[in-house]
Amino acid sequence: MSTMTEERNQGRIDVLAKPKPYAPTFREDRPSVYWTDHKPLEPGPDGHTVINASQRVQELAGTKQLPTKFALPRSTSIWPVKPAAKNATASERIESLGQPKSVNHDYQMDRTPYMTVGGGAKSAQASERVEVLARPKPRVDRYAYPEDSWGQYIPVSLAAMQCKDNPHIDRLAEPKPYHSQYLGARLIQWPVGESAIKAIASLRLQQLARPLSRALTKDDYDPYVLSAASKRAKPSARVEELSQPIPRKVRQKKI
């Protein structure tokens, strides 16, 4: 039985040891760095491969020719002026273009801040309408008290005393009542009930209120030391399920 198992394992190892076969559409890399569709030519006497390029390829491979009227930049900004340029006469069009631009006929210069007032403005008299418009607008608060009546009794008018409001105004003037279950603020000090004063704690309450006595019996007691049972404790399946985070709040860590 062991011999058959070893033979079966050996056959499986031989299958896994075989190299991965190429895909049906696999194509080998080009044998040359030149992008040609045929085998490159043999190198020439100088060690370089000679390829017969067409005339168009040679034209594209050549350097760009400068235009026939191309002029090199001037070597300096100062150059001699020709006598013809010195004696040249400008045409009528050039003279019109050389004239400075004129301002608008309605243009007025800025007025100086120091100016003289005319005699008519000094002796002018304002009309009655202008004087009315020149008066400041009265803005007296109708609810404000006069300065000389502060602290004094202001009588109520007879119309205000005889005024009667309608039922809707009476209903709006009523204060908002408290809720039926509203309880006022409790006093800071309140009397303690007789039953609370004479109450006696049960035996169970006395046991729970009594401090632990292990600190008194053991001098080397350390509350931070874990017991062996707590180290070997394993949570139940339900506790592990509750300890898992909510799936919608879990985010994958970005790498």
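Residue-wise HN-Hα couplings along segment 222-236, as the Karplus relation 6.51 cos²θ - 1.76 cosθ + 1.60 with θ = phi - 60° gives them from phi, are 10, x, 8, 7, 8, 6, 5, 5, 5, 6, 8, 6, 10, x, 6 Hz; Gly and Pro carry x. Full extension of the chain between Val250 and Ala88 gives 49.5 nm of extra length, using 0.36 nm per residue less the Cα-Cα distance.
Near Thr49, the amide H atoms lying under 5 Å from its own belong to Gly44; only residues 5 or more places off or on other chains count, and H is placed 1.01 Å from N.
Among rounded, prolate and oblate, which fits segment 152-255 when a ≥ b ≥ c are the square roots of the eigenvalues of its C-alpha gyration tensor, a/c under 1.5 means rounded, and a/b larger than b/c means prolate? Please report the intermediate quantities before stating the final value.
Values: a/c = 4.14, a/b = 1.94, b/c = 2.14.
Note, shape of segment 152-255 comes out oblate.
Listed by chain and number, the lysines whose alpha-carbon sits under 18 Å from that of Lys20, ignoring those within fewer than 8 places in the same chain, form an empty set.
Bear in mind that the values in this text are calculations on the coordinates, not laboratory data. Just so we're clear, the structure is a prediction, and the values are computed from it rather than from any experiment.
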